[in-house]
Amino acid sequence: MNMKIRPIKNEEIMLLTDFVYEAIYQRDLKNPLPRTVIQDASIWVYIDRFGSKKDDHCLVAEVGGYVVGACWVRCIQAFGHVGDSVPEFAVSVYPQYRGKGIGTELMKEMLLLLRKQGYAATSLAVQKDNYAVSMYKKVGFEIMDENDQEYIMICNLP
């Protein structure tokens, strides 16, 4: 599989509405959440006017000329908030492209970009039973806190 990772183009930012939906962990695949769930303020904050803030960064994975995954960060007060200057991670790959290492590669590239930009750390929130917890640990995230349902994870960027 020939994959290219690159910054998102302005005309592709609307794809984040797909990717934020795909990033939502769905326990029951037979009864998926309605797509309108992304309009909830707690989710919409991840993509609202993306690209308008200096801390908005997004990389996409392209296969065969199509964007199949995205990894984006922004400094927001959301599920994985640990500090106002710590960008929060979101990563998502279309279902048919999962399990091929695309999400891991996107995350590694985003961590490199954040280091180059001078960020000290980045964070995320993940459902405790989400299979992605192991991927996050593999790229350097550590559990720093938890609540009933989620781990709050941080990756220090030396």
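The values are calculated or read from the model by the stated rules, or taken from the named source; none is laboratory data. In this text the structure is predicted, and so the values were computed from the model without any measurement. Cβ atoms come from the backbone with ideal geometry, glycine included; neighbour counts cover every protein chain shown.
Being within 25 Å of Glu146 (Cα to Cα), charged (D, E, K, R), surrounded by fewer than 20 Cβ atoms within 10 Å (Cβ to Cβ) and in contact with a strand residue (DSSP E or B) (Cβ under 9 Å, 6 or more places away or on another chain): is that true of Arg27 here?
yes
Filter the range 21-40 down to the residues that are charged (D, E, K, R) and in a loop (DSSP other than H, G, I, E, B) and list them by number.
Within the range 21-40, Arg27, Asp28, Lys30, Asp40 qualify.
Is there a residue being at pLDDT 95 or above and over 15 Å from the mean Cα position of the chain (by Cα) anywhere in the range 88-96?
Yes, the range 88-96 contains at least one residue that is at pLDDT 95 or above and over 15 Å from the mean Cα position of the chain (by Cα).
Could you grab me the full set of residues in the range 37-59 that are in contact with a Cys (Cβ under 8 Å, 6 or more places away or on another chain) and buried (at least 18 other Cβ atoms within 10 Å of the Cβ)?
Passing the criteria: Phe50, Cys58, Leu59.
Could you check the range 41-158 for strands (runs of 3 or more DSSP E) lying wholly inside it with 1 or more residues that are of a type in the set (Lys, Arg)?
66-74
If we scan the range 30-42, do we find a residue that is closer than 18 Å to Asn130 by Cα, small (Gly, Ala, Ser) and in contact (Cβ under 8 Å) with a residue 12 or more places away in the chain?
No, because not a single residue in the range 30-42 is closer than 18 Å to Asn130 by Cα, small (Gly, Ala, Ser) and in contact (Cβ under 8 Å) with a residue 12 or more places away in the chain.
Of the conditions (1) closer than 25 Å to Asn2 by Cα; (2) surrounded by 13 or more Cβ atoms within 10 Å (Cβ to Cβ); (3) aliphatic (A, V, I, L, M), Ile76 satisfies every one except a single condition; which number is it?
Tallying (1) closer than 25 Å to Asn2 by Cα; (2) surrounded by 13 or more Cβ atoms within 10 Å (Cβ to Cβ); (3) aliphatic (A, V, I, L, M), Ile76 fails exactly one: (1).
Specify which of the listed residues (Val91, Val82, Val67, Val73) is touching a residue at least 40 places away in the same chain (Cβ under 8 Å), touching a Gly at 6+ places or on another chain (Cβ under 9 Å) and of a type outside the set (S, T, N, Q).
Just one listed residue meets the conditions, Val91.
Can you find, within the range 7-17, the residue that is surrounded by the fewest Cβ atoms within 10 Å (Cβ to Cβ) among those that are assigned to a helix (DSSP H, G or I) and touching a residue at least 12 places away in the same chain (Cβ under 8 Å)?
Asn10
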